[in-house]
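Worksheet for the structure shown next.
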Amino acid sequence: MEFLAELGHGSCGHVSKMRYDDNVMAVKSMPRSSNPVESKRIIMDLRILSRAYDCPHIVHSYGYIITENEVMICMEAMATCLDLLLKRTGNKPIPEEIVGKMSVSVVRALDYLKENHNVIHRDVKPSNILLDWNGVVKLCDFGISGFLIESRAKSKLAGCPPYMAPERVRSTNTPYDIRSDVWSLGITLVELATGHFPYEGSDFQIISSILELPSPSLKDGFSEEFCELVDLCLRRNVEERPRYATILRHPFIVKNEQANTDVSEWFGDIMT
């Protein structure tokens, strides 16, 4: 494979843009480890990607390569993630109709994982939402996803704390369900719509804010149905938060799923 560019890196490895014959792809390279936690992350990522081939809202995998030192997952190449896109725009708000189209794809992907594979993502955030030049939005990074047992998950040591729901950052061992991802979705929608993460400070200060302050909300300038959906997703009481089936019937999602919004044109304007 021919190396073309570095796309990103993190604690678990790096992603490169590579060419194989005439195919350009993203290759996620992760070092093989004797650490059982790291090994589990790699296996989970491989497992979900290999099973989700029939979902148009999840990044597609072409296969994987295992060498003596590393594991490489070959995936379709996307243009960017929403975290980098926000930074490129100088943290300007993304128009509501664009966020609406993006939210449809993310909710469809999360619902697919739950209904078809009994999986909770556990790391919903802008850096794990990808966009291509055609305006297609897809969910990625399933290394810390988990299988649900009787619709609930138990591991606390998974996810990005600033995007975690209150019930997950509390120091308890109480099981949680997909509605913790609904909270993360709500935080993500606020960040995309305003251009800024809704909490300030260190991770510790953010966790304190999640536990002690009122939930973030959208102010003036947004449609009533968008504000209502965000409010529902960010209910502090998990029992008041909707599940995916309810979200998919919400007027904001229904309207944007039916809308003929050209995300690719907007994205092209941003990148020029």
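The values are calculated or read from the model by the stated rules, or taken from the named source; none is laboratory data. Worth saying up front: this structure is predicted, and the values here are computed from it rather than measured. Note that each Cβ is placed from the backbone with ideal geometry, even for glycine, and that neighbours are counted across all protein chains shown.
Numerical summary
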quantity: Residue that is over 18 Å from TRP133 (Cβ atoms) and not in a loop (DSSP other than H, G, I, E, B), where the choices are VAL27, VAL15; calculated: VAL27
quantity: Residue ID - nearest to the chain's Cα centre (by Cα), chosen from residues in the range 76-88 that are assigned to a loop (DSSP other than H, G, I, E, B) and over 15 Å from GLU265 (Cα atoms); calculated: MET78
quantity: Qualifying residue in the range 96-112 (condition: within 20 Å of CYS160 (Cβ to Cβ) and outside the structural domain of THR194 (by the TED database)); calculated: no
quantity: Qualifying positions in the range 198-228 - touching a residue at least 60 places away in the same chain (Cβ under 8 Å) and of a type in the set (A, V, I, L, M, F, W, C); calculated: PHE222, PHE226
quantity: Selected residue [touching a residue at least 24 places away in the same chain (Cβ under 8 Å) and over 20 Å from SER184 (Cα atoms)] from VAL71, VAL59; calculated: VAL71
quantity: One residue from VAL137, VAL119 being crowded, with 18+ Cβ neighbours inside 10 Å, at pLDDT 95 or above and in contact with a strand residue (DSSP E or B) (Cβ under 9 Å, 6 or more places away or on another chain); calculated: VAL137
quantity: Count - residues of the range 90-139 that are under 9 Å from the mean Cα position of the chain (by Cα) and free of Cβ contacts under 8 Å to residues at least 40 places away in the same chain; calculated: 0
quantity: Residue that is modelled with the lowest pLDDT, among those in the range 41-69 that are touching a strand residue (DSSP E or B) at 6+ places or on another chain (Cβ under 7 Å) and aliphatic (A, V, I, L, M); calculated: ILE42
quantity: Only listed residue being in contact with a helix residue (DSSP H, G or I) (Cβ under 9 Å, 6 or more places away or on another chain) and farther than 19 Å from PRO126 by Cβ, chosen from ILE65, ILE73; calculated: ILE73
quantity: Neighbours by Cβ (under 6 Å, 6+ apart or cross-chain): first from the range 162-183, within 21 Å of VAL106 (Cβ to Cβ); second part of a helix (DSSP H, G or I) and among the polar types (S, T, N, Q); calculated: TYR163/SER184; ALA165/SER180; ARG168/SER180
quantity: Count - residues of the range 233-257 that are in a helix (DSSP H, G or I), without any contact (Cβ under 8 Å) to a residue 40 or more places away in the chain and surrounded by 15 or more Cβ atoms within 10 Å (Cβ to Cβ); calculated: 0
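Condition check ((1) of a type in the set (D, E, K, R); (2) loosely packed, with under 12 Cβ neighbours inside 10 Å; (3) at pLDDT below 90) across all residues:
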position	(1), (2), (3)
GLY8	no, no, yes
SER34	no, yes, yes
SER39	no, no, yes
LEU86	no, no, no
